[in-house]
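The values are calculated or read from the model by the stated rules, or taken from the named source; none is laboratory data. Since the model is a prediction, treat every value here as computed from it, not as a measurement. Every residue, glycine among them, receives a Cβ derived from its backbone with ideal geometry; neighbour counts consider all protein chains shown.
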Amino acid sequence: MAQGRTAQARPTRDPGRWHVDDLRPADREAWSTLHRGYLDFYEAARPEEVSAVVWSWLLDQAHELEALVVRPRPGADPVGLAHYRPFPRPLHGSTACFLDDLFVARQARGTGAVDALLAALQERCRDRGWSHIRWVTRAGNTTAQRTYDRLAVRTELVTYDLDAAP
């Protein structure tokens, strides 16, 4: 260690210290900041437009996309989000959960916030009779993958995208 520098303490992973609940309309500003961080990480085009569309989906009870958020305490601004939806599994004759987006603010990483979000999502899936949770991440997102490898099983599936436009 260089002289004059102090070691930075690693955060303590404690999922029990977090409060997870549904996204509320009053969370708009905090959610927007989190969602923008997520979109920036994935280098998404048109972030303002995308966030407006996603927010409208999340507030529309008829839309299949839902959100859980993690907070340091009830009523506090969220520091993480999980956007999810059901998906049918014809090969297995079941319904599962697809976790589209998972993002936690930098200051909450390594503290158990992701563990708390995923545990709450597991509980929601059990309550709904969904078989499991599936998600994808960027191959180079090794920091997140260390957490995912600790909590879930990495599959052999390879993902493809095919544009609908000719």
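Within the range 121-141, which residues are out of contact with any helix residue (DSSP H, G or I) (no Cβ under 7 Å at 6 or more places or on another chain) and outside any loop (DSSP other than H, G, I, E, B)?
Leu121, Gln122, Glu123, Arg124, Cys125, Arg126, Asp127, Arg128, Arg134
Please work out which residue is surrounded by the fewest Cβ atoms within 10 Å (Cβ to Cβ), limiting yourself to the range 72-102 and to residues that are over 12 Å from Leu121 (Cα atoms) and aliphatic (A, V, I, L, M).
Selected residue: Leu91.
For the subset of the range 108-166 comprising residues that are touching a strand residue (DSSP E or B) at 6+ places or on another chain (Cβ under 8 Å) and among the aromatic types (Phe, Trp, Tyr), which member is surrounded by the most Cβ atoms within 10 Å (Cβ to Cβ)?
Looking at the filtered set, the residue picked out is Trp130.
Only one of Leu102, Leu23, Leu59, Leu65 is under 20 Å from Tyr148 (Cβ atoms) and in contact with a Leu (Cβ under 9 Å, 6 or more places away or on another chain). Can you tell me which?
Leu102
One residue is enough: does the range 94-111 have a residue meeting the conditions at positive phi, in a loop (DSSP other than H, G, I, E, B) and at pLDDT below 95?
Within the range 94-111, one or more residues are at positive phi, in a loop (DSSP other than H, G, I, E, B) and at pLDDT below 95.
Looking at (1) of a type in the set (Lys, Arg); (2) outside any strand (DSSP E or B); (3) surrounded by fewer than 16 Cβ atoms within 10 Å (Cβ to Cβ), can you tell me which one Arg36 breaks?
Going through (1) of a type in the set (Lys, Arg); (2) outside any strand (DSSP E or B); (3) surrounded by fewer than 16 Cβ atoms within 10 Å (Cβ to Cβ) one by one, Arg36 breaks only (3).
Say whether the condition of being under 15 Å from the mean Cα position of the chain (by Cα), polar (S, T, N, Q) and modelled with pLDDT of 95 or more is met by at least one residue in the range 138-146.
Taking every residue of the range 138-146 in turn, none turns out to be under 15 Å from the mean Cα position of the chain (by Cα), polar (S, T, N, Q) and modelled with pLDDT of 95 or more.
Specify the residue that is surrounded by the fewest Cβ atoms within 10 Å (Cβ to Cβ); the eligible residues are those in the range 6-33 that are modelled with pLDDT under 95 and assigned to a helix (DSSP H, G or I). Give the derivation first.
Step one: list which residues in the range 6-33 are modelled with pLDDT under 95, which gives 6-17.
With the extra rule that they be assigned to a helix (DSSP H, G or I), the set shrinks to 15-17.
Values: Pro15: 17, Gly16: 9, Arg17: 13.
Checked the range 6-33; the qualifying residue surrounded by the fewest Cβ atoms within 10 Å (Cβ to Cβ) is Gly16.
With the checklist (1) assigned to a helix (DSSP H, G or I); (2) aromatic (Phe, Trp, Tyr); (3) farther than 20 Å from Thr111 by Cα; (4) in contact (Cβ under 8 Å) with a residue 40 or more places away in the chain in hand, flag the one item Trp55 doesn't pass.
All conditions are met except number (4).
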